[in-house]
Every structure is written in structure tokens, then in C-alpha cells.
Amino acid sequence: MSLNPGYSKIMKVAIVGSGYVGLVTGACLAKLGNKVICVDNDLKKISELRKGEVPIYEPGLQELIRDNVKEKRLSFSTSIKDAVRASEIIFIAVGTPDSGSGEADLTGIEHVAADIAVNLKEYRLIVEKSTVPVETGEWVKRTVATYIKNKVAFDVASNPEFLREGSAINDFMHPDRIVIGVESKRAKELLLQLYKPLDVPKVVTNIRSAELIKHASNAFLATKISFINAVSRVCDIVGADVCEVARGMGLDKRIGRAFLDAGLGYGGSCFPKDLEAFISIADRRGYDFRLLKEVKKINDGQKNYIIHKIKSSLWIIKGKTIGVLGLAFKPNTDDIRSAPAIDLIRALQGEGAKIKAYDPKAMKKAKAVLSKVEYCRDPYAVCKGSDCLFIATEWDEFKKLDLLKIKKMLKRPLIIDSRNIYTSEEMRKLGFNYVSVGRRSE
Ligand code: NAD
């Protein structure tokens, strides 16, 4: 990590909401030398964290938390009051899920803002870290002003987070940029001081622009994914190879290779709900964001397209056993929120299929939401007696499997690979019927 010379000031920081974003932010800010309290209203979570147990899987997080707790730079609490008293900067990192109507549910943000307000005794900077619709900063300000008891100054700022689960620590420590939306010099200086050790571009804007940067960025990335998925459909029709097309496109610096992997479509706790929220706020303010509506439609359609591929290969689904590799929405996480694999398994079960499944980290969480699945101890156990193998998440582990062993264990040599992790040529040589996305199946 490149640390700026001259960095010395230890800052006192609270993070309210100790999930994927809050814990990583808290642990990383502690690692940078600050004194951090992570708060959550989930008593079980805080009690586990106090015992050294980390309730989520994120590579390197357990060790980072353990080291910083030991150095007394990181602690955990259920009390916003204690956090507000101890910290000059308070980040709000609670969840902002889809409310069901497409809009973000900001109940948690409002509760926390009100709770901070009643406990304010001196100046504090309140920072939105959660992904929120544009103008939420205004509402946070109004909420704090409504509930505040003591006549003290405060600022609200926006500092959206761009980390990706699975590489969150590295992303936090080495971001492409840090976006800071502020309305006062004091807030700007505090946040610039906090992030001084990270020698990366700092984009300082007003609060609304910072809020929009986050939504527009996620919407753009989702658009790239739907774009390449649409291209993959054409590839399937004309016999081109979407991996070659993506490579050829991605080497153009104006386009870039990232987020050009055709597959099962985007999922996870961010893209689906952030896209909905962006469409919804644009609609509400009088702009019909048709481009993004189509992005969503293509993404939803991709799952049906993959089911169609499974049906075309297996003919009858009812009574067949489908072995599924991967349950998390992406590799290196245990997060199954809006994971395409989960939707797909439900759809296949709906058609009468029996499911055997394995994921390196996400099985515990999957067990809580999926019933009648035979969870297996490894990929080979999944294959044993299955009518086909379905690759749903591109974990590295799956790229290194003994494919001849797999061929022997499957009832028939059929692999449906919705993440294009193998090459068609390799699979043909091994004698598989290999069905992938946007590539001619041989
Ligand atoms: P999460 O569900 O993992 O964590 C949220 C935490 O907030 C939970 O532990 C919950 O118990 C706690 N919480 C909820 N209400 C609370 C309250 N009133 N007081 C105290 N704690 C409360 O969610 P997450 O994935 O960390 O996401 C948090 C925010 O960050 C969301 O807005 C999300 O869109 C955004 N974000 C997420 C990611 C990601 O990759 N997960 C990346 C960038 C931004």
C-alpha cells in the first residue's frame, strides 16, 4: 500500500452497521491507525465479533479484525450512544435493501440518523457509506435537525463505497478513487485527513453528485454485463465465440475487459437493487430511464435462457438429478443475496429436478433459504449419479477439477457451464457434451 508521508493523525471513527461493508471499512480504517468502533443492532453479531468470530466470509477479514482488536484499535458495540460519544466521524453502513416496490428501503438510515441526533453533544460528521438514492443526504440532515437535543453543529457527507465482496480489503486499501460529497470545509478536511494514507485520486463533489456517482457506476457496470450477455445470444445464433469477442473488444482501452463475461447474469446484494432504485428515482423525478429497464430485462431473461439450455440438453427435467457447483453470487464470498444460482435451483426444483450442490463457502447460508437440496462435501460427490453438472459460480476450485474423474461419476458426460470456465476444445477432447454461453457447443 502506498502511504502518504506525513500521515500521523489518529482519528476516532464509528461505523454503524457491521456487515460486509461496515466490517471491512472498520477493520481497514483501524489498520490505517485509527481508533474504530463498529456498531450493530444485531446483538448476536456483536457478541460473536467480541468473541473473535467473524459472521461473514471475506478473505483476510478474520485476521485483520483479530490483529486490530489485539492492538486495541478496533472494538464492537451495540450502542450508538457510546459510538457517538467516542467518535468524531460516524459512518452509516446499514443495509438499504429493495423495499419491494423498486425503491430503496431507507428505514435503517432514518433510524440511525435519529439515534445519532439524540446523542449529539458536540460537533460530529455523519457520513453516508451505504448506497442511497440521490437526495438522501438532505433527508439525513433534516432527520438529524429534527431529533437533535443539544444545540451543536454537525455535518452530513456522502462517501460511497466501491469495494467488491471477495476482494474487499484490497479494494478498500487500493481503490481506483475515493469519492467525497461534502457541503462544508470542515467535513471536507476531516474526510481528506482520514483518507490521507491512501494515495489515490480523491473526487470531492457536492453530496448529490457523490450519491449519483455510486448509482451511475453500478448501473453502468450492470449495463456492461447485460450488453455482453445480449452479444452472447447473437454469438449462439451465428456460431461466434463470446469469449473471443469480449477479448477483442476489451483490449480497446476505451472499452476495457472488465465486466464483459457472459454468463448467468449479475446478482448479489448491490446491482439488482441499486439498478431498481436508480430506475425508480429517475421515474419519480420524471425521467424514464429506458436503457436501464432493458438492462434489467436482459438480465432476468438470461436465467430463463440458461434453463432453456438445460432443457434442450436433458429433454425432460422432472426426476433428473442436476449437480450444481457454486451457490454464492460470485466467487470468494459466502453471500447468496440475489444469487442467480439460488433462483435457478428454485426454478429447476419447480420443474421437478433433484438438486445436489456444493459451494466452498456459501452452503451454510444456502441451507437457510433452500430446502430439499442434497449438500455435498466436494464437487465429486455432487457429480456422483447426477444426470448433468451445472456450473453456476466460477470459483477457482472448479477450474482445477479432475474432469476425467467427473466424467466417470456423472450418469452421462454432460456439463452445462453458465460461466464459461472451460474451453470448448478441451471439453470436446475429453469427450464431454459441453454446453456453455455464447460459444458453439460441439
Ligand atoms: P449487510 O446486510 O451485510 O450489513 C448491514 C448491517 O447493518 C447488518 O449487520 C445489520 O444488522 C446492520 N443494521 C441494520 N439496521 C441497523 C440499525 N438500525 N442500527 C445498527 N445496525 C443496523 O449489508 P452490506 O452488504 O454491508 O451493505 C451495506 C450498504 O453498503 C448497503 O447500502 C449496500 O448497498 C452498500 N454497499 C454494499 C457493498 C457490498 O459489496 N456488499 C458494496 C458497496 C456498497
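Residues that are in contact (Cβ under 8 Å) with a residue 40 or more places away in the chain and among the charged types (D, E, K, R) were ranked within region 49-81; the one that is surrounded by the most Cβ atoms within 10 Å (Cβ to Cβ) is 58. All of (1) open to solvent by 20 Å² or more (accessible area, probe 1.4 Å); (2) away from the ligand (no atom under 13 Å from the Cβ) hold for residue 36 with one exception: (1). Looking at region 375-390, can you tell me whether even one residue there is open to solvent by less than 20 Å² (accessible area, probe 1.4 Å) and aromatic (Phe, Trp, Tyr)? Checking region 375-390: at least one residue is open to solvent by less than 20 Å² (accessible area, probe 1.4 Å) and aromatic (Phe, Trp, Tyr).
Residues that are open to solvent by less than 10 Å² (accessible area, probe 1.4 Å) and at positive phi within region 316-356 comprise just one, 326. When we screen 231, 152, 245, 203 for residues that are assigned to a strand (DSSP E or B) and either without any contact (Cβ under 8 Å) to a residue 60 or more places away in the chain or outside the structural domain of residue 24 (by TED's automatic domain parsing) (or both), the only hit is 203.
Would a scan of region 220-228 turn up a residue that is within 20 Å of residue 101 (Cβ to Cβ), among the basic types (Lys, Arg) and assigned to a helix (DSSP H, G or I)? Within region 220-228, not a single residue is within 20 Å of residue 101 (Cβ to Cβ), among the basic types (Lys, Arg) and assigned to a helix (DSSP H, G or I). Of everything listed in (1) in contact (Cβ under 8 Å) with a residue 60 or more places away in the chain; (2) buried (at least 21 other Cβ atoms within 10 Å of the Cβ); (3) within 20 Å of residue 32 (Cα to Cα); (4) within 11 Å of the ligand (Cβ to nearest atom), the single unmet condition for residue 160 is (1). You will find that of 262, 277, the residue that is more than 16 Å from the ligand (Cβ to nearest atom) and buried (at least 23 other Cβ atoms within 10 Å of the Cβ) is 262 and no other. Could you go through region 272-285 and let me know if any residue there is in a loop (DSSP other than H, G, I, E, B) and within 18 Å of residue 104 (Cα to Cα). For region 272-285, residues in a loop (DSSP other than H, G, I, E, B) and within 18 Å of residue 104 (Cα to Cα): present.
Within the option set 46, 90, being surrounded by fewer than 21 Cβ atoms within 10 Å (Cβ to Cβ), in the same structural domain as residue 108 (by TED's automatic domain parsing) and β-branched (Val, Ile, Thr) holds for one residue only, 46.
Across region 93-109, the qualifying residues are those that are at pLDDT below 95 and open to solvent by 60 Å² or more (accessible area, probe 1.4 Å), and the one among them that is nearest to the ligand (Cβ to nearest atom) is 97.
Scanning region 110-127 for residues that are within 9 Å of the ligand (Cβ to nearest atom) and in contact with a strand residue (DSSP E or B) (Cβ under 6 Å, 6 or more places away or on another chain) yields one hit, 112.
The values are calculated or read from the model by the stated rules, or taken from the named source; none is laboratory data. These figures come from a predicted structure and were not determined experimentally. In this analysis, Cβ positions are derived from the backbone assuming ideal geometry, glycine residues included, and neighbour counts consider all displayed protein chains. Just so you know, the surface numbers come from the protein's heavy atoms only, side chains and all, with ligands and any DNA or RNA stripped out. Shrake-Rupley method; radii C 1.70, N 1.55, O 1.52, S 1.80 Å.
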